[in-house]
Amino acid sequence: MKRFSYSLYILIVGVFMLSIVTCGSTDPRVELTSHIEKIVSILKQNHDDADKAATAVKAYVSDNLNEIKSLVGQIREMDSSADAGTKLDVRMVFVQTHLIDSIDKLEKDDPGLMNSSKVEEALEPLFEVFK
């Protein structure tokens with residue numbers, strides 16, 4: 001598996017692990033997963049031009065990085081305060097499985113995009129959030 005694809009998988013697994021928390025009235029997991037869906041959508045829309053994809057992803061990550069950091073913080077706080085009866089939201093598992101399938105398809109159909117160091121570099125700040 002390519003390093004870039006592996007990084008995206010780790011990102012989704014990170015969200016998945018953060019998703020094993022109880023739900024509140026507003027769910028930062030849904031918002032965070034929505035950001036990841038948008039990034040995958042940008043990659044799909046620009047699959048034929050890695051430079052264009054990198055520019056679009058970099059702009060999206062730059063515009064939304066503070067909110068993403070905040071969402072991850074909220075999820076970690078929820079996780080640390082969750083009781084022993086935490087539930088896994090099946091809807092989140094479905095969405096995240098779909099994202100992984102989308103990444104697999106991009107890797108198969110557009111290996112140049114998935115091996116692009118520019119795209120990986122554009123996503124690097126996002127990967128840092130999950131460390």
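The values are calculated or read from the model by the stated rules, or taken from the named source; none is laboratory data. Note that the coordinates shown come from a computational prediction; the quantities given were computed from them, not determined experimentally. Every residue, glycine among them, receives a Cβ derived from its backbone with ideal geometry; neighbour counts consider all protein chains shown.
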### Pairs where the first residue, in segment 120-131, is farther than 14 Å from residue 67 by Cα and the second is among the β-branched types (Val, Ile, Thr) and crowded, with 17+ Cβ neighbours inside 10 Å, C-beta under 8 Å, 6+ apart
122/57; 122/61; 123/39; 123/57; 123/61
### Query
Of 83, 63, 48, which residue is outside any helix (DSSP H, G or I), loosely packed, with under 15 Cβ neighbours inside 10 Å, at pLDDT 80 or above and out of contact with any strand residue (DSSP E or B) (no Cβ under 9 Å at 6 or more places or on another chain)?
48
### Query
In segment 124-131, is there at least one residue being surrounded by fewer than 16 Cβ atoms within 10 Å (Cβ to Cβ), modelled with pLDDT under 80 and not aromatic (Phe, Trp, Tyr)?
yes
### Query
Restricting attention to segment 86-110, and to residues there that are modelled with pLDDT under 75 and part of a loop (DSSP other than H, G, I, E, B), which single residue is surrounded by the most Cβ atoms within 10 Å (Cβ to Cβ)?
89
### Query
What single numbered condition from (1) modelled with pLDDT of 75 or more; (2) out of contact with any Asp or Glu (no Cβ under 7 Å at 6 or more places or on another chain); (3) under 18 Å from residue 127 (Cβ atoms); (4) buried (at least 18 other Cβ atoms within 10 Å of the Cβ) fails to hold for residue 73?
(4)
